[in-house]
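Asks: Pasting in a structure now, in structure tokens, and then I'll have a few things to ask.
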Amino acid sequence: MARAYRIPAESANSAIPLATDGVAAVLERFTKTPGLPIDGDAIQPPPIASSVFAVPEMTNKDMFPPGAAARRILRLADTGSLATLNADGSPFASLATVATTPSGEPVFLVSRLAVHTQNLDRDPRASLLLVAPGGEAGDPLAGARLSLTGSVTAPEDDPALKRRFLARHPEARGYSGFPDFSFRRFMPAGAHLVAGFGRIVDLAPADFLIDVTGAEAMIESEEGAVGHMNEDHAEAIALYATRLLGQPDGEWRMTGADPAGADLRCGTLRARLDFPAPVRTPAELRKMLIDLAGEARRRDTAFPAAS
């Protein structure tokens with residue numbers, strides 16, 4: 001949509017001195033134009049013929065990248081508020097721990113004894129509220145959050161879901177194998193992003209989920225690559241976190257990798273290492289991790305940590 005502003009025809013055919021003479025010159029020009037007397041603070045519209053020029057409306061999507069903001073929340077949030085529907089249609093909200101698939105879909109580990117699981121078995125429609133780390137303290141409404149709407153799958157026996165979830169939540173290993181527990185995916189149909197004042201955008205799944213088409217081999221190699229990094233290159237992971245992402249020192253580990261980046265954790269801290277370009281093959285992933293480690297070491301040499 002564009003908003004139309006009317007200017008005198010005489011002014012439309014000559015330069016209005018906005019850039020060179022400033023606001024004062026513009027006001028003086030309009031006060032000397034017939035039919036444009038200034039009455040208090042208002043400039044009256046001219047009774048003479050006029051021309052119309054259009055100024056495109058600025059949208060929230062023009063002012064910041066909402067897809068990137070939504071993806072950051074998806075990758076960093078460890079817990080969320082899961083809303084399901086009771087048998088009588090009333091809403092029911094509960095706390096859920098979450099991880100993500102390589103494309104960014106949230107993953108749950110739920111017990112069939114829980115009310116939300118019983119609700120999902122009856123009606124898979126759900127909503128999930130995720131809050132970016134840091135938004136819980138101070139003014140909670142100042143933090144970024146993402147409200148997803150969609151549906152939750154039936155139990156899935158996918159080793160990759162289990163591996164990625166337990167890498168994110170190792171405390172769940174003790175009960176993840178119980179027969180009443182299962183892994184399920186949240187399949188978004190849409191999202192509502194609030195990323196700060198004036199940054200409110202409705203998004204389609206394609207705006208924030210990663211297209212993993214053609215990256216099947218890279219995703220298949222993820223487990224081995226992540227294990228290798230944690231076992232043999234812990235120092236590089238720590239440099240990713242501290243030198244590239246500005247995180248504090250600590251025992252950082254990699255919990256997952258996907259075509260767009262890698263997920264890191266250190267105790268309760270979470271970090272997302274976005275890749276400067278997508279990777280689609282195991283070789284591309286390896287090269288990307290080596291290149292980023294080199295960049296982190298260069299920064300470590302240029303700006304050594306304070307002792």
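The numbers here are math on the coordinates, done by the rules we state, and not lab data. On a predicted model such as this, the values are computed, not experimentally measured, just so you know. Cβ coordinates were reconstructed from backbone atoms using ideal geometry, including for glycine residues, and neighbour counts include every protein chain displayed.
Asks: Once a ≥ b ≥ c are taken as the square roots of the eigenvalues of the Cα gyration tensor of segment 62-209, is the result rounded (a/c under 1.5), prolate (a/b larger than b/c) or oblate (a/b not larger than b/c)?
Replies: Prolate, since a/c reaches 1.5 and a/b exceeds b/c.
Asks: Kindly state, to the nearest 0.05, the FRET efficiency for SER151 paired with GLU171, given R0 = 25 Å and r defined as their beta-carbon distance.
Replies: 0.35
Asks: Moving on. What is the gain in length, in nm to one decimal, between SER111 and ARG125 on full extension, counting 0.36 nm per residue of separation less the C-alpha to C-alpha distance?
Replies: 3.3 nm
Asks: Report the label-to-label distance for PHE178 and ALA93 in nanometres (one decimal), using points 7 Å from each Cα along the Cα→Cβ vector.
Replies: 2.5
Asks: Based only on Cα atoms, what Rg/Rh ratio does segment 122-236 have, Rh being taken as Kirkwood's radius?
Replies: Ratio of gyration radius to Kirkwood radius: 1.01.
Asks: Expressed as a rounded percentage, what relative contact order does segment 62-209 have, with Cα pairs under 8 Å and six or more residues apart?
Replies: Relative CO of segment 62-209 lands at 27 percent.
Asks: For segment 211-300, what's the relative contact order in percent, using C-alpha pairs closer than 8 Å and at least 6 residues apart?
Replies: The value is 31 percent.
Asks: Could you tell me the largest-minus-smallest coordinate of the C-alpha atoms of segment 97-155 on each of the three principal axes, in descending order and whole angstroms?
Replies: Ordered largest first, segment 97-155 gives principal extents of 37, 26, 18 Å.
Asks: Could you tell me the calculated FRET efficiency between ALA189 and ARG163, based on Cβ-Cβ distance and R0 = 30 angstrom, to the nearest 0.05?
Replies: Plugging the Cβ-Cβ distance into 1/(1 + (r/R0)^6) gives 0.70.
Asks: Another question about this same structure. Which Rg and Dmax, in Å, describe the Cα atoms of segment 211-300?
Replies: Over segment 211-300's Cα set, Rg and Dmax evaluate to 12.3, 36 Å.
Asks: Something else: Only counting other Cβ atoms within 10 Å, I'd like LEU95, LEU273, LEU82 sorted with the fewest neighbours first.
Replies: LEU95, LEU273, LEU82
Asks: Under a point spin-label approximation (7 Å from Cα along Cα-to-Cβ), what is the ARG199-ASP300 distance to one decimal in nm?
Replies: Distance between the two pseudo-spin positions: 3.1 nm.
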